[in-house]
Amino acid sequence: SGAVTHYGTVLGNSKHFSLYILTKKNTAVWCGSAECVANWPPLVVAKGTKITKGTGVKGTIGTTKRGSKEQVTYNGWPVYAFVGDSAAHQSNGEGISAFGGTWYLVKAAATTHNTTAVKSKTSSGGGGW
């Protein structure tokens with residue numbers, strides 16, 4: 001996890017790039033087309049990989065089957081990176097409407113499915129990657 005300007009502490013991958021969910025009316029939308037995956041790469045790991053939580057991460061990390069690998073989930077939402085983020089701690093994908101829903105940063109402190117999306121700017125920050 002880590003602080004992203006104006007959004008507080010959000011979930012990030014091991015390289016500190018922000019992670020996103022795709023939602024439509026608070027329901028997960030699966031990014032499955034080649035074009036979607038090219039722009040929003042799913043966070044995948046080899047089956048059986050142990051995933052560790054960073055500072056400030058309070059929700060439930062899990063996985064769901066995606067081909068021969070496992071896609072990481074957070075509070076039940078499949079998570080994705082965004083090719084428009086060219087460096088760590090960026091949030092260029094926040095609020096983009098594409099591929100059947102809206103993309104939102106993942107709130108690291110969220111503990112329930114319905115509170116996982118950031119969906120608004122905040123002045124608070126903190127936490128480390």
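Laid out as a table, the results:
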item	result
Two-site label geometry, Lys58 and Ser14: point separation in nm, points 7 Å out along Cα→Cβ	2.7
Cα gyration tensor, segment 12-129 - rounded (a/c under 1.5), prolate or oblate	rounded
Amide H within-cut-off set for Gly95, under 5 Å, with H built and near neighbours excluded	Trp103, Tyr104, Leu105
Listed residues Ala28, Ala110, Ala46, most fluctuating in the chain (Gaussian network, C-alpha, under 10 Å)	Ala46
Within the accessible area of the chain (1.4 Å probe), percent carbon and sulfur	52
Whole-Hz couplings from phi, Karplus 6.51/-1.76/1.60, listed for segment 67-84; x for Gly and Pro	x, 8, 10, 10, 8, 6, 10, 10, 6, x, 8, x, 10, 9, 8, 9, 5, x
Sites matching trypsin sites (Lys or Arg not before Pro) across segment 16-98 that sit in DSSP coil, with at most 14 neighbouring C-beta atoms within 10 Å	Lys25, Lys47, Lys50, Lys53, Lys58
Percentage relative contact order, segment 12-129, counting C-alpha pairs under 8 Å, at least six apart	33
Hz values of 3J(HN,Hα) by residue in segment 9-23 - Karplus curve (6.51, -1.76, 1.60), Gly and Pro given as x	8, 10, 6, x, 7, 5, 9, 6, 8, 5, 10, 10, 10, 10, 10
Note, ³J(HN,Hα) from phi for segment 51-66, Karplus 6.51, -1.76, 1.60, rounded to Hz, x at Gly and Pro	9, 9, 8, x, 4, x, 7, 10, x, 9, 9, x, 9, 9, 5, 9
Two-site label geometry, Ala46 and Ser86: point separation in nm, points 7 Å out along Cα→Cβ	3.3
Solvent-accessible heavy-atom area per residue, rounded to whole Å², over the chain at 1.4 Å	50
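The values are calculated or read from the model by the stated rules, or taken from the named source; none is laboratory data. Keep in mind that this is a model prediction, so the values were computed, not measured. Here the Cβ is made from the backbone with ideal geometry for all residues, glycine too, and neighbour counts use every protein chain on show. To get the accessible areas, we keep the full protein, side chains included, count just its heavy atoms, and leave off ligands, DNA and RNA. Shrake-Rupley method; radii C 1.70, N 1.55, O 1.52, S 1.80 Å.
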